[in-house]
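Working notes, beginning with the structure itself.
Each reported figure results from applying straightforward, stated rules to the coordinates on display, with no laboratory input. The model shown is predicted, which means the values in this text are computed figures rather than measured ones. Cβ sites come from the backbone with ideal geometry, for glycine too, and all protein chains shown count toward neighbours.
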Amino acid sequence: MSILEVIKQRCPYCAAAIELVVDTSMSGQHYIEDCQVCCRPICIEVLACGGAGEVAADAWAGEVDADVSCQLRLYREDDVLEGRR
């Protein structure tokens, strides 16, 4: 298994399908990545990685990729500022 994994998700701002490259060597990561479509900052939280059969999914995911071994949470930067996360 590769340490870097491409995970398909949806932008919480524009709902465009995007691909994220995630370091699966450790869970509990928090970082910000700009949407490839609308360029707004997406807050990304890696909840769990490495478990075979886990599925990447959240409220914004249109499709679920069963081959992915990470669980992510994507949210808008303004959700953090307003305490909605």
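Identify all residues within segment 1-41 that are assigned to a strand (DSSP E or B) and loosely packed, with under 13 Cβ neighbours inside 10 Å; write none if there are none.
Correct list: 4, 6, 19, 21, 30, 31, 32, 34.
Count, please, the residues in segment 1-48 that happen to be in contact with a strand residue (DSSP E or B) (Cβ under 8 Å, 6 or more places away or on another chain), hydroxyl-bearing (Ser, Thr, Tyr) and within 15 Å of residue 70 (Cβ to Cβ).
The number of residues fulfilling the criteria is 4.
Which pairs turn up if I take residues in segment 1-23 that are touching a residue at least 60 places away in the same chain (Cβ under 8 Å) and look for partners that are of a type in the set (Lys, Arg) with beta carbon separation below 7 Å, at least 6 apart in sequence or on another chain?
Sorted first by the residue in segment 1-23, then by its partner, the pairs are 12/76; 13/40; 13/76.
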